[in-house]
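Shown next, in structure tokens, is the structure this report addresses.
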Amino acid sequence: HNGPEWLWLTGWYLRALSRFGLPWPADMLARAERMVENPWQGLAELTNGGGAECAHSCPVQAWSVACWREALWEARNGGGNK
């Protein structure tokens, strides 16, 4: 496998942008919206080459989902400053 898809780091980066009132990179909001719409609301813990599913992996990383959902909530609700 190619190792974990460390999405939680991206979630914290996006939350920081929101907190400082900075716009997200153009494609990130759309990616976050799509991710929370899929049945698992995230990405697999481990992937193989090209993002293919790894049979020995958890279907989704809880910490990555949590960070992305928080970032998305903050982006929709004024950067978490309310």
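Tabulated data for the structure shown
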item: Filtered residue count, segment 52-82, keeping only those that are open to solvent by 50 Å² or more (accessible area, probe 1.4 Å) and not hydrophobic (A, V, I, L, M, F, W, C); result: 9
item: Enumeration of residues in segment 19-36 that are free of Cβ contacts under 8 Å to residues at least 12 places away in the same chain and within 12 Å of the chain's Cα centre (by Cα); result: ALA30, ARG31, ARG34
item: Residues of segment 6-18 satisfying the condition of being open to solvent by less than 60 Å² (accessible area, probe 1.4 Å) and either closer than 8 Å to ALA71 by Cβ or touching a residue at least 12 places away in the same chain (Cβ under 8 Å) (or both); result: LEU7, THR10, GLY11, LEU14, ARG15, SER18
item: Among residues of segment 37-51, those that are closer than 17 Å to LEU7 by Cβ and either under 11 Å from the mean Cα position of the chain (by Cα) or free of Cβ contacts under 8 Å to residues at least 12 places away in the same chain (or both), counted; result: 7
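The values are calculated or read from the model by the stated rules, or taken from the named source; none is laboratory data. Note that the structure is predicted; figures quoted are calculated from it, not measured. Reconstructed Cβ throughout: ideal geometry from the backbone, glycine too, with neighbour counts over all protein chains shown. Heavy atoms of the whole protein, side chains included, go into the accessibility calculation; ligands, DNA and RNA do not. Shrake-Rupley method; radii C 1.70, N 1.55, O 1.52, S 1.80 Å.
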